[in-house]
Structure formats: structure tokens, C-alpha cells
Amino acid sequence: MRILNKLFRNGGRAGFLGGICACLILSAVWTANAQVSDPEPGATRLYAVAEFGEPDLPRDFTHFPYADPDAPRGGAITVGGFGSFDSVNSIPLRGEYARSIGLLHDTLMTQNQDEVGVYYPLIAESVDVPDDASWAIFNINPDARFHDGTPITAEDVAWTFNTVIDVGRPFLVSVYDDVTGVEALDDQRVRFTFATEDSFAPLGRVAGFTVLSRDWWTQDGRDLGEPTLEAPLGSGPYRLANVQGGRSLTYERVDDYWAADLPVNRGHWNFDRVDVDYYRDRTIMFEAFLGEEYDFRVEFSSRNWGIGYDTPAAEDGRIQRDVIPAINYRGMQGYFFNTRLPMFEDPRVREAMNYLYPFDFVNRSVMYGLRERMTSYFHGSVDYNWQGLPTGLEREILEEYGDLVPDYVFTEEPALPDSANPRGNGVSRENRRIALALMEDAGWVVRDGVMVNEETGEPMAFEILLSSPLLEPHTAPFVQELARVGVEASIRWVDSAQFQLRYQERDFEVIGFAYTFYPPPGGELRSRFDSETADEIGSANIAGITDPLVDALTDRIVAAETLEEKQAATRALDRVLLFGWYVVPHWSAPDVWVAYWNRFGFPDEQPSHNFGFPNTIGFQPTWWIDAELNEALQAEQG
């Protein structure tokens, strides 16, 4: 083991200054970032955008601390992708797009993986912002180019944004809810206006916006609102050289990439070619890795991690395995209820289901005791997930909403039921007793061994929809516990295309699903939890949540003027969502498990919010092919 985990740093939050009023924060950032050239009248010119606090890196930084600007370049890698795709256009709702297209396009600005919510120059070399942050002008680098050599202009930015708003997936559009307009002032300057004041939240979202070529997309009958397998014109470090629908993507590094020498890119993109091979079966995908069909793997299976790597290649070091302290915020994963259905309207029914999930047994019998229970919609961040009873600013925020907040929110913690059963497998008798009592209060009773609606006599029966058969062992004990109280539940798993279609169209009763979370939260919360999105096809409001208190807290988070307020409001939202019992939470791990074939070099320092390898295309890879290790590996493989 090369002990990669020891190279990961614990920093990355130094730029955050919680508890200071927005005006002081913005003033401090602008003073530190101000440039000599004249900004737009009434504005200050920034070299970097930080939603809160100041950027960690100075204006004259030469490269990100976790990148080696002298890293060798060359060679090819293969990345494994799960599922399938029938489009390389990620904008529209229709079609199953390839999740691995982040190497193709540049964004206005790009994030430092050691900081949260901080963006540095890429397409935009600076941004002009007024004192109230009600608008922003991005100044485009005159050297910015698409792969065909045409310049990236302000009109490309404006056209892309307006078209995305018109035809984009609801969740994608929700990210920009607080952007009220965009205008190309000239070829190099594009102005965004915002609905908010004294908040950098919408500015940060726009800073990470991907820019497409208007001329390319509006020629030859192309339509940004439709799926396509035609490799689009990009501007990033790689171009798509080959697309095989549902099977593979091949990227080739652009030799004359316009931004190769910018500080944000030095030491990155070191592979000449990146192949992404897709697998529809996770078992086959794992066996393919062991057979050296692809190079790097983040392991999610406890069984695989426990016994699956008992192979000669792992024993003799050809396969390296490392345990990295968790660096990714994980959000919520679990069995989500479709509350649009009468069966799951009552939160007491949903709470009862939580008493019947035997997590302790599943963890011991299926996951080798390696997992812990997921307990928050913002799991992985003590700054945003609930802690104890509400105190301080969080309590003050909740008290502002008066009768909308139930009394128990102030007096009880939204803790999950204890699933341990000292008598044996499954949940305890006490858990079943509580579950039956909750069901009865909600109008469901057991007759002749069947749970039925007390008024209509309709039996309680539903399907649990999964995206992979690998989740069946984790789900079957839940089904057995439900059967013990008269509930007829079944398991069905479908391929990725069907799964996407069914969750988009709300064609499920209970679904195994996961929300991602990356701080600081913003407008995307509306797509996940706001009442207006509950019946919107394709929104991220999977459960169909319609709660005025959730709506109010979501708006409060988006409009927060200080980091302290945003964190406190998010903790309050987390608490309220958990008390809604919209999900039976799954599991998580305090560490990230990675395995890779021993042919790579990497910098002495790795980013604190990632691991520098393009397993998830879109992060900035800083690894490279180590010629000696690669030669030795090839010799050992014969």
C-alpha cells in the first residue's frame, strides 16, 4: 500500500469567515482582490469569487497547491462508468446522458478543490461586482477559444445561459433561480443580474457556469434541447474523439488547449487519452477492474472491500488499495417514499417504516460492519447537519416561523430509531410494537395477518424500486420485517434508462435514491424540496414534499447574507426534513475506499475535497503515468 491517505490534508476551509455581516465580508474580499485596471463604474473588479470570506490564494498564484506543475505528461488511462447513455448532451430532460463529459467544456471560472465556494479565473479573467452584489460583469479572457479556434465571446455565454433556462432539466435550471437576466455588453463582457442583494450565492453559481458555442449548436439542425450522440465542440482540455452510444467515450488531450498554462490548469490533465468504458452490471464491472480492464475504482461495496480483493494482484501490490478519510459531502441516500400516493401521505406511516428497517442486522450480515447510519440530508458536514436540540441562531430562525414549527422540533432530536436487536436478527419487538401503534394511529390495522386501511379495507402493498441488483441483499431484510407486520412489499430493479425515466415521471412507490450535497447549499434546494417542484416532472423533489415551513427555510438559505445564517438555516431545514420521515436513510462510511493499478504518480499533497484522479470526470485530475511503475507492472503482467 502506497499510503495515499496520509497525503490528504485537513484544510480547505480557511477562506470561510462565519458570523460577520455581509457588507464587511464583501468589502474585505474586494479590497484584497482589487486590480489596477479600471472596473465597470460603480463596481470593484475581483480576480476570484468567494461566497464568504476571502480566497486562500493570492492574485499571482502560479498553480493550485495540490498540483505539480512539472508533472510528466503522456500515456492513456481507462475509467469505468456504470449504466448506459444515449446522449452526450447533458442539458435536456429527455435522454440518458453520459455522466462523464466534464473534460470537454470550460466554465467561466473554476473551483479550487481545497476551498468551498471559491472560484478562480478560467474563461473569465475577472469579474466586476457592485457594493450590493445585485449584478456582475464577467470579463472574458481574450485568449479563450473553442477547439476549432473560434473565440469564446460574451454572446456565447448569454446564448448558452438563456437556452439552458429554456430547455434545460428542471434541477439544472433551479440552480440559477436567482439570476434574473444576462446581457452581452460587447465581445468580452457579459452582465448577469440577480434577484438578491448583498449575497454572493447566485454569483458563485454563475461563476461555475459551462459555456457552449452558439455558432456550433445553432448550425446543421442541432438543438441543445435534444439528445445527441454527436461529439459537441468543446473548449476544455480534452476533445471527444470517439463516441459509442451506451458503451464508451474516448477523450484525447488538446495539444493547443488555450488555457493549458493558466494557474488553475498547471499540473492537471496529464494523460494523453482517457477512455470511459460503461458497464450495466456492477458485478461484471468489478470483475473487469480485477482483470485490469480499467485503472481506478472507488469502492462502494462492503463485500468487495472485505473479501473481493483477495487476489494475487492485490497481495503482491499490482493493485493498490487505500482508505482515505472522507473528503466528499454525501447528502442523503435511502428508500424515499412517494408522498403523492395516499398510502404515504401520513408521516406516521413513514415513521413506522423507519422503525422496521433492520440497519444493524444489514450492516453486520451484508456490509461486514463497515458502515454507519446516514442521519442527515447534509451528511458529512457538521456545519450544515443538525446537532442536538436547536440553539442560538438556528433556534431564533425557527422561532420566527411561529405556528409553522411543531413544538417537538424544539424539544426532541430527529434521531433515527435504534435498530439493534439483542435477541437476534431483524428489529426488536419494541420497534414492531411502536410501528404498529403508529400505523394504527394513521388508520392502518392488521386483519387476518394483513395490514389494511381501516376504512377501505385496502391492503398495504408496494414495490421498492432499485437501480441495481446489488442492493437486494440490503433491502430483502426490510421486506421481511414489513411482512411481519402484514405489509406486502416487493423488490424490483431496472436498468439505468428505466430507472431514470421512472423517477423523473414519479412512477414508483418507494425508490432507492441518493441526493448529492456540496456546500454551500443554494438554489438547487428548491428543486429538491420546494412545494412548487413536487409535481414538476424531472425535478429533484423525489418524495413530493409540500411543506410551507420547508419552503420558507429553503428561501432563507438561498437568500442568507452570512455564512453563519446559511449554516443555521440549513441545520434547521435538515431537522424539519428528518421529522417529515420522507425517507428510510441508508448507510455511509467515514472513509473513502479506493483501488488502482500501480502505474500512477501523484503529487505529495492531494486536494482536501477530492483525490485528484478523474474517476468522476469533471474534477481536476492531477495524477500521471509513472513510467517506471508502468513498465514494471507491464513486465509483471507478462
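The values are calculated or read from the model by the stated rules, or taken from the named source; none is laboratory data. Treat the numbers as computed from the prediction; the structure is a model and nothing was measured. Positions of Cβ are backbone-derived with ideal geometry, glycine not excepted, and every protein chain shown enters the neighbour counts. Just the protein is used for accessible areas: all its heavy atoms, side chains included, with ligands, DNA and RNA removed. Shrake-Rupley method; radii C 1.70, N 1.55, O 1.52, S 1.80 Å.
If a residue counts only when it is at pLDDT below 95 and more than 30 Å from the chain's Cα centre (by Cα), which helices (runs of 4 or more DSSP H) contained entirely in segment 343-444 have at least 3 such residues? Break it down stepwise before answering.
On the way: elements: 347-355, 359-365, 392-399, 408-411, 429-441.
No helices (runs of 4 or more DSSP H) qualify here.
With at pLDDT below 95, over 27 Å from residue 536 (Cβ atoms) and not aliphatic (A, V, I, L, M) as the only criterion, which of 252, 183, 230, 197 stands out?
Going through 252, 183, 230, 197 in turn, just one is at pLDDT below 95, over 27 Å from residue 536 (Cβ atoms) and not aliphatic (A, V, I, L, M): 197.
Taking residue 126 as the residue in question, decide whether it is modelled with pLDDT under 95 and not β-branched (Val, Ile, Thr). Step through it out loud before you land on a result.
Numbers: modelled with pLDDT under 95: no; not β-branched (Val, Ile, Thr): yes.
When the stated conditions are applied, residue 126 does not pass them.
Between residues in segment 380-406 that are in contact (Cβ under 8 Å) with a residue 24 or more places away in the chain and among the charged types (D, E, K, R) and residues that are part of a loop (DSSP other than H, G, I, E, B) and open to solvent by less than 40 Å² (accessible area, probe 1.4 Å), which pairs lie under 8 Å by C-beta distance while being six or more apart or on different chains?
383/519
Sort out which residues of segment 441-460 are touching a helix residue (DSSP H, G or I) at 6+ places or on another chain (Cβ under 9 Å) and open to solvent by 30 Å² or more (accessible area, probe 1.4 Å), and write them in order of number.
441, 446, 453, 454, 458
Looking at segment 419-439, which of its residues are of a type outside the set (Gly, Ala, Ser) and surrounded by 13 or more Cβ atoms within 10 Å (Cβ to Cβ)?
Selection gives 421, 425, 427, 431, 432, 434, 436, 438, 439.
From the list 232, 227, 202, pick out the single residue that is closer than 17 Å to residue 87 by Cα, open to solvent by less than 20 Å² (accessible area, probe 1.4 Å) and not in a strand (DSSP E or B).
Answer to the check: 232.
Determine if segment 258-272 includes at least one residue that is farther than 27 Å from residue 115 by Cα, in contact (Cβ under 8 Å) with a residue 24 or more places away in the chain and open to solvent by 20 Å² or more (accessible area, probe 1.4 Å). Quick ask: steps written out before the conclusion?
Filtering segment 258-272 down to residues farther than 27 Å from residue 115 by Cα leaves 272.
Narrowing the set further to residues that are in contact (Cβ under 8 Å) with a residue 24 or more places away in the chain leaves 272.
From the residues that got through so far, the ones that are open to solvent by 20 Å² or more (accessible area, probe 1.4 Å) too are 272.
Within segment 258-272, one or more residues are farther than 27 Å from residue 115 by Cα, in contact (Cβ under 8 Å) with a residue 24 or more places away in the chain and open to solvent by 20 Å² or more (accessible area, probe 1.4 Å).
What are the residue pairs meeting all of these: first residue in segment 306-318, first residue within 13 Å of residue 593 (Cβ to Cβ), second residue open to solvent by 70 Å² or more (accessible area, probe 1.4 Å) and among the hydroxyl-bearing types (Ser, Thr, Tyr), Cβ atoms under 8 Å, and 6 or more apart or on different chains?
As it stands, the answer is 306/368, since those pairs meet every condition given.
Quick one: count up the residues across segment 81-92 that are in contact with a Phe, Trp or Tyr (Cβ under 9 Å, 6 or more places away or on another chain) and part of a loop (DSSP other than H, G, I, E, B).
So the answer is 8.
Scan 38, 70, 60 and give me the residue that is more than 18 Å from residue 201 (Cβ to Cβ), open to solvent by 50 Å² or more (accessible area, probe 1.4 Å), over 19 Å from the mean Cα position of the chain (by Cα) and modelled with pLDDT under 90.
From the options 38, 70, 60, the qualifying one is 38.
Name, by its number, the condition in (1) assigned to a loop (DSSP other than H, G, I, E, B); (2) crowded, with 16+ Cβ neighbours inside 10 Å that does not hold for residue 164.
(1)
Output the residues belonging to segment 595-624 that are open to solvent by less than 10 Å² (accessible area, probe 1.4 Å), at pLDDT below 90 and among the hydrophobic types (A, V, I, L, M, F, W, C).
Once the filter is applied, which keeps residues that are open to solvent by less than 10 Å² (accessible area, probe 1.4 Å), at pLDDT below 90 and among the hydrophobic types (A, V, I, L, M, F, W, C), segment 595-624 yields only 613.
Please determine whether any residue of segment 457-464 is touching a residue at least 40 places away in the same chain (Cβ under 8 Å), in a helix (DSSP H, G or I) and of a type in the set (Val, Ile, Thr).
No, the conditions are met nowhere in segment 457-464.
Do you know which of the residues in segment 500-534 that are among the polar types (S, T, N, Q) and open to solvent by 10 Å² or more (accessible area, probe 1.4 Å) is farthest from residue 344 (Cα to Cα)?
The qualifying residue farthest from residue 344 (Cα to Cα) is 516.
From (1) at pLDDT 90 or above; (2) under 20 Å from the mean Cα position of the chain (by Cα); (3) on the phi > 0 side of the Ramachandran plot, pick out the condition that doesn't hold for residue 581.
It fails just one condition, (2).
Here is a check on your reading of the model: is residue 543 open to solvent by 10 Å² or more (accessible area, probe 1.4 Å) and modelled with pLDDT of 95 or more? Even if it seems obvious, please write down each step before you answer.
Numbers: open to solvent by 10 Å² or more (accessible area, probe 1.4 Å): no; modelled with pLDDT of 95 or more: yes.
Answer is no for this residue.
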